[in-house]
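Quick notes on the structure that follows.
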Amino acid sequence: MEYEVSVGMECHAELLTNSKMFCGCENAFGGDANTRTCPVCLGLPGSLPVFNKAAVEHVIRTALALNCEISMHTIFHRKNYFYPDLPKGYQISQYGQTPIGINGYLEIETPEGAIKKIHITRVHLEEDTGKSIHIDGLGYSVMDYNRSGVPLMEIVTEFPPDVQSGEEAAQYAENLRSVLLYLGVSDGRMEQGSLRVEPNPSVRPEGSEKYGVKTELKNLNSFRAVRLGVEYEAARHVEVLESGGVIVQGTYGWNDEKGETFLQRPKEFEQEYRYFPEPDLIPIDFDEDYIERLRVTIPELPLAKKRRLMEQYGLPSSDAALLAQDQASAAYFEKAAKSAGDPRAVANWMSGDLTRLANAANTPVYATPITAENLRELVTLIEKGTITGKIAKSLIEDMFTTGKTASALVAEKGLKVTGADEALSIVQKVIAANPDVVAKIKAGNEKSAGFLVGQIMKEAKGQARPDDVNRLLKEELDKL
Amino acid sequence: MNEILTLTAAAIAAKVKAREISAREVTEAFLARIEAVDNDIQAFVTVTPEASLKAADAVDAKIAAGEDAGSLAGAPVALKDNLCTRGIETTCSSKILRGFVPPYNATVVEKLASAGAIALGKVNLDEFAMGSSTENSGLFPTRNPWDLTKVPGGSSGGSAAAVASLEASVALGSDTGGSIRQPAAFCGLVGLKPTYGRVSRYGLVAFASSLDQIGPLTRTAEDAALVLNVIAGQDSRDSTSVPRPVPDYTKALTGDIRGLKIGVPIEYFAEGISTEVRAFVTTAIGILRGLGAEIIEVSLPYTDYALAAYYIVAPAEASSNLARYDGVRFGARVTSAKDHIELFENTRDEGFGAEVKQRILTGTYALSAGYYDAYYAKAQKVRTLIRRDFDAAFEKVDAIISPTTPTPAFGLGEKSDDPLAMKLSDICTIPANMAGIPALSLCCGFLDGLPVGMQLQGPAFSEETLLNIAHTYQLETDWHTRRPTL
């Protein structure tokens, strides 16, 4: 039997704010345990929450970028449950009909290049919990509440789910992360848990109306893990169903090394959270002006940018996608490609040598000593025939270490391209010096021409244009 | 008895500032009084003589330096033990909070200190402010200074008993469903529950967040105005505090209520209210009429549903507010448990008293998915109707007068086995909490040696009107000058 895969997506992103969601403690990652806490985020008796306006704005902007409607009247709720990492015994969250954002979508690109809308049902604001730390041999757990009260945004896709494969799940996560980075609302670090992607895969026989039992995947710390996790889990579901078994509902972890999921916690009963409106916070009412002021701060988003780069600069999909991953790279590219003859050459330099150099120095491409202007000039020099690609390859190393322009380095080093006349004499000289090789070529061994090209380039100290050399060599050989 | 003890806070501050007496003398007198009578009254959970005398000396030093020592300079105050005090154990009269020493002060505690008031210590309450007699204290019961066999009321029973027995000049209490006004009535005091949002709740250990409000228990309306001047106002740490300027409440005490329209709600004089109490309040209404007030009959038909709705909303919020007492971060914790769930269960089982457990259970039930609409959502609708009742009445009148409680103070142990009868003692006070409006109780007579209270309720932010009516009544009568014999 054939099966269809459906994947609901729940994503949590810690928001980039100076302070926590309901108190003045610093919002940061790491540090000594319990050093960023106060009566409010420790849930001490008598403390009260006061909401962080910047966090609310981050969520509104995200909701707008995800094409959501904004609830003009929004309230917070208490989600009640007991756990040591939850200081108040409840999490302040948003439940029900009026989260900040509702009914939106995020577009992803299918492998065939088509656009697919992934519908989003809600974007809401809540607070993060602390962390339990288990130390072997201690006999009890210890708690770190530094993360307690960090603003957390939850983005949930609509049911029935639009995501239908591990590939699409990863694609969705990747696009979402880019959007969050573009908006500056999250640092999107999956490995640190600041972006948590939790797919809920289920399978059902093709054509069946009824959706299968879903499982919840957690601890996926890369897009690859998202794809593999969903694929593994969907395949497991099929296997269980085919062998007549039932899917155990629950939370499954992902073991990256083994490439397997494992059951963390079975869902034995529907958790009773006793949601009710948070009486310590007053409802928030937005006005249209305020929302419009935030709407104009939404930049061109990753997928739109990618498609524009393809159209405007003739870039292949893969290059455009790479550039559109972050705004700064795309901006660098556009600056460098402006008035350069071939934008694709700029993209190639960026993804090739420049990326190699940048990675080695552990900086992003757009922040190296090679400015966009300098890259543009380098590409232009090649295009004008002032230098060869081979020279350019060595120049870029010097540009990187010195920060000088290509033209300055050309002048300094006395570099120039061997002219066609000069090249011709070198070609003739090499032909004369290698009669045996010429004979082989004439006898039909075309490959031996490569040896002559090498000799010519060596003689020209790499400064001859390959096009010239190939053309002249062919012409001279034909004359013989 | 030391004369100082009988002074109002207003008089103490005036004399201290005039250097007629020192803040130290005042503080020493009250500390001695506590020493002398608190074995009988049992109002105080914690007395802080060293800190009190230090604060008094600071006030005296300020005065000596010619600085402004504040409007409550040298006035000794008792704090209900659900108000957080930095460095001083705050128990909520619960075993579960034993050993909890807050690292911060409640906003009202800070404000009182900056106004020169001298905190003497922390006073008893029904555990987590849940109760009407202070018998639910997890520590010990407090006695009524007018009759040691009677309850002082609750939950701010310690606050009321301390002021009535002259162990403090004024006290702060909290009022979720009558918890300031009922003990004020039982102990012959002025007790004011301000408008919801008038006073910051930051540092008040929450019982029911949408109902809780801090207020003063005093002997005079003037002292209540003086204390409200200090504690009222918006607080950036409490989102529900209201951004509204604070008037000088003492300026409203004109002693003139001519032309004021005072409503008499028929529902508050119905069956269940003792005929004697009704008679006292009716006499007081006659006095107010004589002072020039216009008396108008009004109706508040949803009053009958207030108690039932309250016993959904308050426990529901409490069940959530009390979830944090899990033994993990502060307070009491059982010494051994096999896992975190057992730690929670055993700590809460040992730490909470029966009344608290009962309310947590009720509230948990009311919020459960299948029952939410039938209980919590319905109760919130009733709340809206009660509010509308008051809105309609306040279109016709400036304030509403009624008894505060159906009877004077009852005996210790008398209603312990009858929780419903106990809860009915709050039938007149609960509607104001449900509507968020201000309400004040003051003494209007004595029945068999026990004080009888009457209640004034007004529209939101009408504290000035209520205080002026009370003040004008006190100018005309002398109930508030009577002292219990101890």
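What follows draws every value from the coordinates through simple rules; no lab data is involved. Nothing here was measured: the structure is a model prediction, and the numbers come from that model. Here the Cβ positions follow ideal geometry from the backbone for every residue, glycine too, while neighbour counts run over all protein chains shown.
Computed quantities for the displayed model
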| quantity | calculated |
| --- | --- |
| Spacing of the two label points (7 Å from each Cα toward its C-beta) at A:S407 and A:E26, in nm | 4.7 nm |
| Gyration tensor verdict on the stretch B:138-287 (Cα atoms; rounded if a/c is under 1.5, prolate if a/b is larger than b/c, oblate otherwise) | oblate |
| Net charge of Cβ neighbours under 9 Å - reference A:L44; Lys, Arg +1; Asp, Glu -1 | +2 |
| Where GluC sites (Glu not before Pro) fall in DSSP loop in the stretch B:1-42, at most 11 other Cβ within 10 Å | B:E20 |
| Alpha-carbon Debye profile of chain B, log10 I(q)/I(0) at 0.06, 0.08, 0.12 Å⁻¹ | -0.24, -0.43, -0.99 |
| Anisotropy class of the stretch A:312-359 from Cα gyration tensor, a/c 1.5 cut | rounded |
| Amide H contacts under 5 Å for A:Q264, placed H, 5+ residues apart | A:T251, A:Y252, A:G253 |
| Furthest towards positive pole of dipole, B:G411, A:A423, B:A78, structure part the protein assembly as shown, Cβ charges | A:A423 |
| Kyte-Doolittle at least 0.0, axis length at least 24 Å by Cα - qualifying DSSP helices, chain B | B:23-41, B:303-321 |
| Radius 14 Å from Cβ of A:R293, net charge of other residues (Lys, Arg +1; Asp, Glu -1) | -2 |
| In order through the stretch A:401-412: 3J(HN,Hα) via Karplus (6.51 cos²θ - 1.76 cosθ + 1.60), integer Hz, x for Gly, Pro | 7, 9, x, 7, 7, 4, 5, 5, 5, 4, 5, 4 |
| Peptide ranges A:382-388, A:103-109 listed from the most packed, as the mean C-beta count within 10 angstrom indicates | A:103-109, A:382-388 |
| At most 15 other Cβ within 10 Å, DSSP loop - trypsin sites (Lys or Arg not before Pro), the stretch A:435-480 | A:K461 |
| Cut-off under 5 Å, modelled amide H: who pairs with B:R98 long-range | B:A332 |
| Ranked B:I266, B:I401, criterion: other C-beta atoms within 10 Å, fewest first | B:I266, B:I401 |
| Computed helical MRE - 222 nm, the protein assembly as shown, DSSP H runs ≥ 4 contributing -39500 (n - 2.57), nearest 500 | -12000 deg cm²/dmol |
| Relative exposure of B:R258, A:R344, judged by other C-beta atoms within 10 Å (fewest first) | B:R258, A:R344 |
| Shielding of A:73-84 by partner chains, average beta-carbon count, 10 Å | 3 |
| Local net charge near B:L440, Cβ-Cβ under 14 Å (Lys/Arg +1, Asp/Glu -1) | -2 |
| Partner chain coverage, peptide B:209-215 - average Cβ within 10 angstrom | 2 |
| q = 0.10, 0.11, 0.21 Å⁻¹: log10 I(q)/I(0) that the Debye formula gives for the stretch A:325-413, counting C-alpha atoms only | -0.21, -0.25, -0.97 |
| Lys, Arg +1 and Asp, Glu -1 on Cβ, resulting dipole of the protein assembly as shown about Cα centre, debye, nearest 20 | 1660 debye |
| Gyration tensor (alpha-carbon) shape descriptor, the stretch A:247-299, a/c threshold 1.5 | oblate |
| Positive-end extreme of charge dipole, chain B - chosen from B:V382, B:Q182, B:S241 (charges on Cβ) | B:S241 |
| Mean separation of Cα contacts under 8 Å, 6 or more apart, over the residue count of the stretch B:256-395: relative contact order % | 29 percent |
| Listed residue (A:A358, A:I387, A:A340) projecting farthest to the positive dipole end of the stretch A:325-413, Cβ model | A:I387 |
| Trypsin sites (Lys or Arg not before Pro) restricted to DSSP loop in the stretch B:318-380 with at most 12 other C-beta within 10 Å | B:K338 |
| Order of A:E167, A:E126, A:E206 - criterion: other Cβ atoms within 10 Å of each residue's Cβ, fewest first | A:E206, A:E167, A:E126 |
| Exceeding the 25 Å Cα-Cα cut-off - candidates A:K79/B:K357; A:K53/A:K305; B:K111/B:K396; A:K53/A:K79; B:K15/B:K150 | A:K53/A:K305; B:K111/B:K396; B:K15/B:K150 |
| Contact order relative to length of the stretch A:311-352, as percent, for alpha carbon pairs under 8 angstrom and 6 or more apart | 44 percent |
| Backbone HN-Hα couplings from phi across the stretch A:451-459 [Karplus 6.51/-1.76/1.60, Hz, Gly and Pro as x] | 4, 5, 4, x, 4, 5, 4, 5, 4 |
| Cα-centre dipole for the stretch A:22-80 with unit charges at Cβ (Lys and Arg positive, Asp and Glu negative), debye to 20 | 140 debye |
| The stretch A:420-479, relative contact order in percent, only Cα pairs under 8 angstrom and at least six apart counted | 45 percent |
| Dipole magnitude of the stretch A:3-291 about its Cα centre (Cβ charges: Lys, Arg +1; Asp, Glu -1), debye to nearest 20 | 600 debye |
| Per-residue average of Cβ from other chains inside 10 Å of A:270-282 | 6 |
| Amide N proximity, the stretch B:406-441 versus B:A279 label position 7 Å along Cα-to-Cβ, cut-off under 16 Å | B:407-408 |
